[in-house]
Each structure stands twice: as structure tokens, then as C-alpha cells.
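Report on the structure given below.
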Amino acid sequence: MSRTLLFATDLSEDNRAAFARALRLAYAQGAQLDILHVLDPYLPHRMLHDLERAVNEDISATLTDLREDYALEEPSLMIQTVVGSPHVEIVREAHERHASLIILGMHRKRGQKDLLAGTTLMRVLRSAPCPVVVASYLPTQPWQHIVVPVDFSLTARQTIKEALVRFPEAKLTLLHAWSLPGERELGTQAYYAHWRDYEVTRLREALDREVESLMRELDSVPDIELVLEPGQPCDVLHDYVKCRSPDLVMLGSRSRPHQPNPLIEMLLSEPHCDLMLCRPW
């Protein structure tokens, strides 16, 4: 069965980057690209036929423009309009088409973290049966530098595996935020500093073993950098992304999808790169 990527568009200018990224990914992976637009079910029925034709024309025109602007090849694709609630229809189509990836454009609530929960984007992220890419930057080239925040969880291991399988040519940075008990009270003491250095060395060795184990499992020798930084995960990831400007951050979703994930909220509230949310298994 051929691989299918699902790109959902609201036809806005903000979706151009995601549209172009979807074209690049589909062609690079030899996948079918299904382009979906969800129509408002409360519109008068007599308007829907004309609107559907206009939507298809607009998508076709945008497709031509993007291919010319970015010298993109056209993959096998299909354009479809459906009527319903956007997040429900996107997730339903992903199930029905056995999509291996959903591509969405960035939301328009930037800098407004409190308003993210009700967006179509967040609802799709909570319910999607496959990984979801949120693209906000025009794809002048394939993703070349990918960051994966890691710990010792199964979710992190699965996300690293997704990165290695999907993007074997990219540079991969594994970013681990660490903190130790007693730092605030004893951080200035010489004996504590010695113990802290020892613990961080042990931590790096443990992470190295995890990565080596995964490499043997996948029979892969990619370009991987392991970075350990002190601090809280949100702060460490925010500072790294802002200073290093990677192309993509890949995160594993939690097993409890309706609980907020502060890393995802931070990256979507202040996007500095594209985001890919992977399933935890």
C-alpha cells in the first residue's frame, strides 16, 4: 500500500508554507498527497456547489504558483472538499486514508498561549492517529537540522526512531535538560560541584548507551549530536531553538493527549521553527 500524506488547508496566506512543505515531503517520500479543505456546514446548501468549485480552483492555482516559486516537483495528489467541523474531518480523513503524516499550517494565535486550546490545530494534535507536522517557514530546502528533546522515556526513543527513519540525511541534535537535587542550597560548595560533575558524566554515559542501542537496532550511522544543558525543559528548549535556529523540532506526544504539554504550548505560542508531533509508540 502506498504512503499517503494529508495536507489540510484553510486557504489562507498563512498556509502557503505548509502547502509547499507538504509538496516537498510527498515528492521526497514518493507518497500520495491528499489536499483537504473543510467547508462550513452552516452555509446555505445552494452556495456549497459554487464554493466547492472555487476552492478547487484556488488550490490548483496555489499549487501551480508554489511549484514555480520553489522549483518543486508535483507528486501524485488529490484535492477534496468535505463539509463538517474542521478538526473532526481532518482526523476522520487521516483514519480513512491510513495517512502516515498530517501537515498543517501554523495557527494565528501567536503569543496567545491561553487561546491555543480551542484552535483546530490543537484539537488535531490531541486526536491525530499519526504524526503531525506544523509548518510555518517556507521550505527553501529540506529540513537539515532537527532537534529532539530527549529523556529516558519510551516516547523519546520512539521520536528519535521517527527522526532517523524519516530524515536520515539530516543532522540530529538530541537535547537533554537536566537538574539535580540540592543545586539551589549547595551549588556554591566545592564538594557539591565535584558531585554534580560526576553525576552529569554518568548521565551523558547513560544517554550515549541509549543512543548506541537504538543505532544498532536501526543499523544506522547518522550525524547525531548529544547536548546536555542545565535547567527546566521548557527553558532549555526555548533558549536552544532561539539561539541555534534549527529547521524542525520533533516531540513525542504524551499517552494522555488531553493533558497540556508545556513544550508544545511554548513552541506553538512563539514558533521559531517547524514542529512535528509524533505518537509515543
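The values are calculated or read from the model by the stated rules, or taken from the named source; none is laboratory data. The structure presented is a predicted model; accordingly, all values stated were derived computationally and were not measured. Every residue, glycine as well, gets a Cβ built from its backbone with ideal geometry; the counts of neighbours run over all protein chains shown. Ligands, DNA and RNA are excluded from the accessible area calculation, which covers all protein heavy atoms including side chains. Shrake-Rupley method; radii C 1.70, N 1.55, O 1.52, S 1.80 Å.
Three principal axis extents describe the C-alpha atoms of segment 145-278; from largest down they are 45, 36, 30 Å. Measuring nothing but how far apart in sequence close Cα pairs (under 8 Å, 6+ apart) lie, relative to its length, segment 145-278 scores a relative contact order of 35 percent.
Scanning the chain for GluC sites (Glu not before Pro) lying in DSSP loops with no more than 13 further Cβ atoms inside 10 Å, the longest uninterrupted stretch between such sites is 170-281. Excluding ligands, DNA and RNA, the accessible surface per residue across the chain is 53 Å² with a 1.4 Å probe. For segment 4-135, the orientation-averaged shadow of the C-alpha convex hull comes to 8.1 nm² (one quarter of the hull surface). Its relative contact order, with pairs defined as Cα atoms under 8 Å and 6+ residues apart, puts the chain at 21 percent. Assuming charge only on the beta carbon of Lys and Arg (+1) and of Asp and Glu (-1), the dipole of segment 113-187 about its Cα centre is about 260 debye to the nearest 20.
Descending by average beta-carbon neighbour count within 10 Å, the peptides 227-233, 38-44, 153-159 line up as 153-159, 227-233, 38-44, the highest first. Using a cutoff of 8 angstrom between alpha carbon atoms and counting only pairs six or more residues apart, the relative contact order for segment 4-135 works out to 34 percent. Computing the accessible area with a 1.4 Å probe over protein heavy atoms, can you report the carbon and sulfur percentage for segment 75-222? Ligands and nucleic acids excluded, carbon and sulfur reach 51 percent.
Stokes-Einstein diffusion of the chain at 4 °C, 1.567 mPa s viscosity, Kirkwood radius from Cα pairs, rounded to a whole number: 64 µm²/s. Think of segment 72-202 as a dipole: +1 on every Lys or Arg Cβ, -1 on every Asp or Glu Cβ, centred on the Cα centre; then among Leu77, Trp178, Pro139, Trp178 lies furthest on the positive end.
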